[in-house]
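Each remark here refers to the structure printed beneath this line.
Computed from the coordinates by the stated procedures, all read-outs in this text should not be read as laboratory data. Because the structure is predicted, anything quoted here is derived from the model rather than measured. Quick reminder, even Gly has a Cβ in these numbers, built from the backbone with ideal geometry, and neighbours come from all protein chains shown.
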Amino acid sequence: MHSFFLVVILLVHYNFDHIYILHSNDIEGALSSSEAWWMNPYFPPPVGNAAAAATFIKEKRVEAQQLGYGFLLFDSGDMFIGSPLGEFSRGQAVAEYFNYCGYDVIAPGNHDFDLGVDVFKEFVGSVDAIFLGTNIVFENTTEVVDYLEPYTIIESNGVTIGVFSLLTQYMEGMTTPERFQNHDVLDEIETAQRYVDTLKSKGVDIIIVLTGIGLRHDKRLATFVSGIDVIFGSHSATALEEPYEDSLNHTIICQSYSHLTSIGFLDLWIDKDTKKIAGYHGELVDLLSEQIDDDTMMLKIVEKWEQSTQKGFDEIIGYSKEELTRAGFDESTIGNLITDAMREYFNVDIAIHNSGGIRANMPEGDVTYRDCYNIDALSNTAVVMQMTGKQIIEALEIGFNGHHAIFQLSGIKIIWNSKNPIGHRIIDLVLLDGTPIDTVKEYTVVTNSFLAAGGGEYMIFKEARDIQNTLYYLRDIIADYVRKYSPVEKKIERRIVDIVAQ
């Protein structure tokens, strides 16, 4: 028995090479230390975020060097929008994190364009890594934009690895035309097949894709495109504690928790003769402060950016009697607060806000400006316009088509039927005084800049008259409302009622 295990150990050592790959996704600028509330909401353990990530990356890189293994470090998108540190540094804080840790290849997600193409190009120029954009092309062309690479080929421990990327093909509905100006996104599956063929023609041993399309689409990609060895995903922030392996093509799919609370680790076993993957081990490593020490230099970098970007963020501006929560397909208490605040601030008839744009709950107790920022971490501004009753009905029907979360509302009440055909689900629509909406009459409406831009299915908002972007951030409007009405309290008022659920 002893001899058998010795032979196995020798075979493992001599017949296989190893490549360590560390991966992150959906960082969204969350470099500062945080708390693992999902582990224990009452006594959440501290998380080191960037400072712990830097320590872990450094340790794994040294381990790989000592063992003679290859080592690669990837990020698959949504890098800096979603926190004040990321947004107000225009991504430069995250760029410094990437450079300090030595990332090799990076691909953008949809939110990386939320401050516009020019800001993202500036960010790309600040990072010493290869940036991919395989299906990101100039509008009306198939030419990859000139500041991103269509693919890269890396030599690691004697293995040739081809890497390309995919951004969600539904980008039009996820950002404004102004932010994504002169850009377009090609079909995910068609692009993937083309570049798999391209990389195979160049004789690569392994093909890796960095995606910003979400886990459901990652699985679809793995099934319909053969030849992809590993997918490192983002966008849905669906953490996979162990890699998912497609049963048809045996593509390995990995994705980490968001906000840099974990780092993904994948150990690929490479057959020395065929240069193909012969086995693997993958896991997510939680960056818990109790288990991983902070890298002191990275900690100083984070503190520097915190001081320069977050002055006054933690000052108490009011009080909430209870936690105001989100809901994707129902009226929500935080949705009522946001839309009430918008409608009152601009003294308009109706306020409309998409549920998916509400990024956090409002906590019970003391409320800070940071809480208001977190609720609207996508930096929406308020846009005022004139819409007819007919246009309002058409817009609200989009919110009930099942393709995405519903709209939150103020100034009107809706009764709808989720079993009716799409486009005919609103049964009754009245103003607060009970007056039915007049399809011919114009009403003054305030919405957010994402919806007003008319991307994706929201083109109806572009048909409004006298559209004015006020340039007031929703987070500031929310903060003003909290200051004015503290202690705030919101209830479910049956503004949105599905008769099927009654």
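Over segment 14-309, with a single point scatterer placed on each C-alpha, what log10 of the ratio I(q)/I(0) does the Debye formula yield at q = 0.10, 0.11, 0.14 1/Å? For segment 14-309, the Cα-only Debye profile gives -0.50, -0.61, -1.01.
Any chance you could run the full-extension gain for ARG359 through TYR319? It's 0.36 nm times the residue separation minus the Cα-Cα distance, nm to one decimal.
On the way: separation 40, 0.36 × 40 = 14.40 nm, distance 1.93 nm.
Stretched out fully, the ARG359 to TYR319 stretch lengthens by 12.5 nm.
Placing unit charges on the Cβ atoms only, positive for Lys and Arg and negative for Asp and Glu, gives the chain a dipole magnitude near 640 debye about its Cα centre.
Compute the projected area of the convex hull of the Cα atoms of segment 315-414, averaged over all viewing directions, and report it in nm² to one decimal place.
Details: hull surface 26.2 nm².
With every direction weighted equally, the projected area is 6.5 nm².
An ellipsoid equivalent to segment 86-244, defined through the eigenvalues of its Cα gyration tensor, has semi-axes of 24, 19, 16 Å when rounded to whole angstrom and sorted largest first.
Just to confirm the number: angle between the C-alpha axis of helix 92-101 and the first principal axis of the chain, 0 to 90 degrees, nearest 10? With both axes taken from Cα atoms, the answer is about 20 degrees.
Between 0 and 90 degrees, the angle of helix 296-309 with respect to the longest Cα principal axis of the chain falls at about 20 degrees. Rounded to the nearest 10 degrees, the inclination of helix 474-485 to the longest alpha-carbon principal axis of the chain is 50 degrees. Converting phi to 3J(HN,Hα) with the Karplus coefficients 6.51, -1.76 and 1.60 and the offset θ = phi - 60°, segment 79-91 yields 8, 10, 8, x, 8, x, 4, x, 5, 6, 8, 6, x Hz in sequence order, with x at every glycine or proline. Please go through segment 116-164 and write out the chymotrypsin sites (Phe, Trp or Tyr not before Pro) that DSSP classes as loop and that have at most 15 other C-beta atoms within 10 Å. Passing sites in segment 116-164 are TYR147. Which three semi-axes in whole Å describe the equivalent ellipsoid of the chain, each the square root of 5 times a Cα gyration tensor eigenvalue, listed largest first? Working from the Cα gyration tensor, I get semi-axes of 44, 26, 21 Å.
The string of couplings for segment 427-435 from the Karplus curve (6.51, -1.76, 1.60, θ = phi - 60°) is 9, 8, 9, 10, 6, 4, 7, x, 6 Hz, one whole number per residue in order, with x for Gly and Pro. Which trypsin sites (Lys or Arg not before Pro) in segment 459-496 sit in a loop by DSSP (not H, G, I, E or B) and have at most 14 other Cβ atoms within 10 Å of their own Cβ? Sparse-neighbourhood loop trypsin sites (Lys or Arg not before Pro): LYS491, ARG494. Between ILE189 and LYS202, the modelled label-to-label distance comes to 2.5 nm, taking each label 7 Å out from Cα in the direction of the beta carbon.
Straight-line cross-link partners of LYS60 among the aspartates and glutamates, defined as a Cα under 17 Å from its Cα and at least 8 positions apart when in the same chain: ASP17, ASP75, ASP104, ASP267, GLU283, ASP286, ASP293, ASP294, ASP295. Counting only residues at least eight positions apart within a chain, or on another chain, the lysines with an alpha carbon under 26 Å from that of LYS390 are LYS413, LYS419, LYS441, LYS462.
In this structure, the amide hydrogen of VAL47, modeled 1.01 Å from its nitrogen in the peptide plane, lies closer than 5 angstrom to those of SER34, GLU35, ALA36, SER289, counting only residues at least 5 positions away or on a different chain.
Of all beta bridges that DSSP places with both ends in the chain, some 65 percent have antiparallel geometry. Ordering PHE113, ILE253, HIS404 by Cα displacement along the dipole of the chain toward the positive end leaves HIS404 in first place; charges were set at the Cβ atoms of Lys, Arg (+1) and Asp, Glu (-1).
Here's how it looks for ILE414: its modeled amide H is under 5 Å from those of ILE496, VAL497, which are all 5 or more places away or on a different chain. Only helices enter the 222 nm calculation for the chain: every DSSP H run of n ≥ 4 contributes -39,500 (n - 2.57), and dividing by all residues gives -8500 deg cm²/dmol, rounded to 500. Would you mind estimating how fast segment 406-502 diffuses translationally, via Stokes-Einstein at 25 °C and 0.890 mPa s with the Kirkwood radius over Cα pairs, in µm²/s? The estimated diffusion coefficient comes to 153 µm²/s. Close amide-amide hydrogen proximity is noted between GLY82 and GLU87, each under 5 Å apart and 5 or more residues distant or on a separate chain (H modeled in the peptide plane; Pro and chain starts excluded).
The Cα atoms of segment 119-169 define a convex hull whose projected area, averaged across directions, is 4.4 nm².
Report the FRET efficiency, 1/(1 + (r/R0)^6), for GLN291 and SER226, where r is their Cβ-Cβ distance and R0 is 51 Å, rounded to 0.05. Don't skip to the answer; put the middle values down first.
Details: r = 39 Å, r/R0 = 0.76.
The pair GLN291/SER226 has a calculated efficiency of 0.85.
Going through segment 265-372, which GluC sites (Glu not before Pro) have at most 14 other Cβ atoms within 10 Å and a DSSP loop state? Spell out each step's value before the answer.
On the way: sites: GLU283, GLU290, GLU303, GLU306, GLU315, GLU322, GLU323, GLU331, GLU344, GLU364; in loops: GLU290, GLU315, GLU322, GLU323, GLU331, GLU364.
Answer by residue number: GLU290, GLU315, GLU323, GLU364.
Ordering 201-212, 100-111 by mean Cβ neighbour count within 10 Å, with the highest value first, yields 100-111, 201-212. Counting only Cα atoms, segment 316-501 measures 45, 37, 31 Å along its principal axes, largest extent leading.
Per-residue 3J(HN,Hα) values for segment 373-382, derived from phi via the Karplus relation 6.51 cos²θ - 1.76 cosθ + 1.60 with θ = phi - 60°, read 4, 4, 5, 10, 6, 8, 6, 6, 10, 8 Hz in sequence order (x marks Gly and Pro). Using the charge dipole of segment 348-498 (Lys, Arg: +1 at Cβ; Asp, Glu: -1 at Cβ; taken about the Cα centre), state which of ASN354, VAL482, VAL383 has its Cα farthest towards the positive end. So the residue furthest toward the plus end is ASN354.
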